[in-house]
1. I need the full set of residues from the stretch 215-257 which are farther than 19 Å from residue 117 by Cβ, of a type in the set (Val, Ile, Thr) and within 18 Å of the chain's Cα centre (by Cα), in order please.
2. For the stretch 209-228, enumerate the residues that are modelled with pLDDT under 95 and outside any loop (DSSP other than H, G, I, E, B).
3. Identify, by number, the condition in (1) open to solvent by 50 Å² or more (accessible area, probe 1.4 Å); (2) within 29 Å of residue 24 (Cα to Cα); (3) modelled with pLDDT under 95 that residue 205 doesn't meet.
4. For the stretch 26-49, check the following and say yes or no: at least one residue is part of a loop (DSSP other than H, G, I, E, B) and at pLDDT 80 or above.
5. Suppose we filter 121, 169, 145 for residues that are within 18 Å of the chain's Cα centre (by Cα), open to solvent by 10 Å² or more (accessible area, probe 1.4 Å) and touching a residue at least 24 places away in the same chain (Cβ under 8 Å); which single one remains?
6. Quick check on residue 73: is it modelled with pLDDT of 65 or more, more than 16 Å from the chain's Cα centre (by Cα) and among the small types (Gly, Ala, Ser)?
7. Considering only residues that are touching a residue at least 24 places away in the same chain (Cβ under 8 Å), among the β-branched types (Val, Ile, Thr) and more than 22 Å from residue 112 (Cα to Cα), which ones fall in the stretch 148-166?
8. As an exercise: evaluate residue 163 against (1) touching a Cys at 6+ places or on another chain (Cβ under 8 Å); (2) open to solvent by less than 20 Å² (accessible area, probe 1.4 Å) and give the number of the one condition it does not meet.
Amino acid sequence: MSDAVRKVDPSGDRPRLRALAAVDRRHVILERIAEDQTIHVGELARAFDVSEMTIRRDIRGLERDGFVRQTYGGATAHITKSLDIAFNARALHHTREKRRIGMRATHLLGDARVVFVGIGTTAEQFARFLPVQPGLVVITPSLPTASLLGTRPVDVTALGGNVRRDELTCVGPAAAATLARFRFDLAVIGAAGLSARWGLTELDDADAEIQRLAIERAARVVVIADGSKIGAEANAVVAEAGVIRTLVTDEGAPAAELAALRRLGLEIVIAGPDDRSAGEPGHADPS
């Protein structure tokens, strides 16, 4: 965020934001919800130096697009009519980083119209902040992701097939057969591990097989994984690292492993408080 729109909040709590266009202001509101899970109209009006009516219009627009649920005096993250994404213990690890990564990855959507969204809690955060675009089609093996997007104006297809209880993901021949009916402009893939040596890896081969098929049918592959997954190696190999166009991760990712991934041609985007790219010349942030 530009320093030109930051001033010190008299409370000393957060920076005060000035002179933002409506679209940028709404993005910052989403960032606040990603951090705090709730917002208050009065606090935001003071921070942006705008009227409470302006903030209420912003919230109504975000609610219309399915991002938030209005409450008295503010809004919360939209979880009504959807599964709670924090349904397993892994969702409680690196929560803030996953939200930032998921939100940052939505900037890479570009003109993609048919998108595969993979499994895992970071992919669910991507789904939570995915902007609504006319004609957008999302295919996913994840029931939590399908539920999150199913309450919004997005054309969503869940793969079907056998459901794994621990992840609520669709696997097996029926899921693979449904997947084979599509091609993807973009595949957004979570990871149990990503290393230069072994590439993208998963904990379970049934999940890995669905991810493999999606990557084979995708024009562009973006991997989203918090720093603890970078350099990690799980049991089932999904794909070589070289098939990945962009990795979105956080500041906790090991620098040596990121350097090795860059040498394989990956663009690296770091999602952090300053939302900056870790690209080198020739590997700049593609957004």
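The values are calculated or read from the model by the stated rules, or taken from the named source; none is laboratory data. Only a predicted model underlies this, so the values are computations on that prediction, with no experimental measurement involved. So basically every Cβ, Gly included, is an ideal-geometry build from the backbone, and we count neighbours across all protein chains shown. We work out accessible area using only protein heavy atoms, side chains counted, and drop any ligands, DNA or RNA first. Shrake-Rupley method; radii C 1.70, N 1.55, O 1.52, S 1.80 Å.
1. Going through the stretch 215-257, the residues farther than 19 Å from residue 117 by Cβ turn out to be 227-228, 230-237, 240-242, 250-257.
Add one more test, that the residue is of a type in the set (Val, Ile, Thr), and what stays is 230, 237.
Within the stretch 215-257, just 230 meets the criteria.
2. Matches in the stretch 209-228: 227, 228.
3. Single failed check for residue 205: (2).
4. Let us first name the residues in the stretch 26-49 that are part of a loop (DSSP other than H, G, I, E, B), namely 37, 49.
With at pLDDT 80 or above added as a condition, the list becomes 49.
Within the stretch 26-49 (the criterion being part of a loop (DSSP other than H, G, I, E, B) and at pLDDT 80 or above), the answer is yes, since at least one residue qualifies.
5. Numbers: 169 fails: open to solvent by 10 Å² or more (accessible area, probe 1.4 Å); 145 fails: open to solvent by 10 Å² or more (accessible area, probe 1.4 Å).
Sole residue among the options that is within 18 Å of the chain's Cα centre (by Cα), open to solvent by 10 Å² or more (accessible area, probe 1.4 Å) and touching a residue at least 24 places away in the same chain (Cβ under 8 Å): 121.
6. Details: modelled with pLDDT of 65 or more: no; more than 16 Å from the chain's Cα centre (by Cα): yes; among the small types (Gly, Ala, Ser): yes.
Judged against the criteria, residue 73 is not a match.
7. Within the stretch 148-166, no residue meets the criteria.
8. (2) is the only condition that residue 163 fails.
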